[in-house]
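As structure tokens, the structure follows; a few thoughts come after it.
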Amino acid sequence: MPSFDQNKAYAPQEEGTNFFDDGREIELLHYIYSHPDIDTIRGSPKEVLAAIDEYGRTKKYLMNVGEDKGRIVTDLIAEVELGGYVGYSCILFGDAVRKAGGERYYSLEMNPEFAAVIMSLVDLAGLSEVVKVVVGSSDASIARLYDAGLLKHIDLMFLDHYKPAYTTDLKLCEELKLITPGSVMAADNVIKPGNPPYLEYVRSSVQQKKQKGLEDEKAGKSEGIPDKTVNQYAKRYGQLKFNTSKGNPSLVYESKLNMSFEPTGVPDGVEITRCVGEEK
Ligand SMILES: C[S@@+](CC[C@H](N)C(=O)[O-])C[C@H]1O[C@@H](n2cnc3c(N)ncnc32)[C@H](O)[C@@H]1O
């Protein structure tokens, strides 16, 4: 049994250093495939998640949604996620979709190496029939899935990627009419690191959205997001171009924060937003 070192596993990131994408995601694959319990892990989403958790606890921090916050979304049954990382949320929610009789769960991941890790662990968990991993930036992938007729409507979308893209991707989905009354969005990390522009958008009334000209806001704006966060993302991914969709400000949202915890024990929140109507 590996020794547990909370400080090592969850040591705060030093300024300018990556606490992921340093090879740990591939190391995770070796850890799981050489696990003494690999035979029980094979074919079991629950055991694959437990093995990912074990690595995150005892070896190195992984930026997974985790069990506590994950439960908020599992209850809702997601079908598209933006940001897959090593596949934790994808396996958790993909399994929930399968149990509910759903056919497809799309995981949109920009980093091809992370996408390869997701695919490997999804296969190990026996979920390849349900989960499809799409490599590329989320907006381009949404547009491609839409154009191919594979994504016609979104019942539930889990947003857990580049924070400034939460709002721009939501607007793209609105414009493509993927979001309609009944659609639900679950947005992670709205407390830590926080996402004020997204919260403002989904909590605004139609009138407020129109008045403030939010529908004219140029995509890519990152006001309200700390420079540190923007710079960290830029260092990892380079400056991303944003989709500039105006969205559909006439959609009426009801939005509520659900407080929970990061796997590290740090409090964080998932914002659950329901589209409840459309004003004409
Ligand atoms: C916080 S992690 C996702 C964690 C995952 N949802 C989980 O809980 O297991 C964020 C992921 O989003 C990906 N990402 C960042 N910007 C993206 C974009 N524009 N499109 C798609 N993926 C993106 C990153 O490569 C990273 O793997």
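Read-outs throughout are calculated quantities, based only on the coordinates presented, and are distinct from any laboratory measurement. Because the structure is predicted, anything quoted here is derived from the model rather than measured. Because the Cβ atoms are built from the backbone with ideal geometry, glycine has one as well, and the counts that use them run over all protein chains shown.
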- Item | Inter-site label distance for residue 99 and residue 46 at 7 Å from Cα along Cβ, in nm | 0.8 nm
- Task: Please give the peptides 99-105, 173-179, 159-165 ranked by average Cβ packing (other Cβ atoms within 10 Å per residue), highest first, as a rough proxy for protection.
- Result: 159-165, 173-179, 99-105
- Note on the structure: For residue 268, the residues 5 or more places away or on another chain with a placed amide H closer than 5 Å to its own amide H are 260, 261, 262
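State the extension gain, in nm to one decimal, for the chain segment bounded by residue 34 and residue 280, taking 0.36 nm per residue of separation less the distance between their alpha-carbons. Walk me through the numbers before you get to the answer.
Details: separation 246, 0.36 × 246 = 88.56 nm, distance 5.79 nm.
Residue separation times 0.36 nm, minus the Cα-Cα distance, leaves 82.8 nm.
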- Message: Need one word for the stretch 65-278: rounded, prolate or oblate. Basis is the Cα gyration tensor (sqrt eigenvalues a ≥ b ≥ c); a/c below 1.5 gives rounded, then a/b vs b/c decides.
- Response: rounded
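Order the peptides 135-148, 32-45, 71-84 from the highest to the lowest mean number of other Cβ atoms within 10 Å of their residues.
Working: 135-148: 17.7, 32-45: 14.6, 71-84: 21.4.
Peptide ranking by packing, descending: 71-84, 135-148, 32-45.
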- Message: Can you give the log10 of the normalised intensity I(q)/I(0) at q = 0.15 Å⁻¹, computed with Debye over equal Cα scatterers of the stretch 38-124?
- Response: -0.51
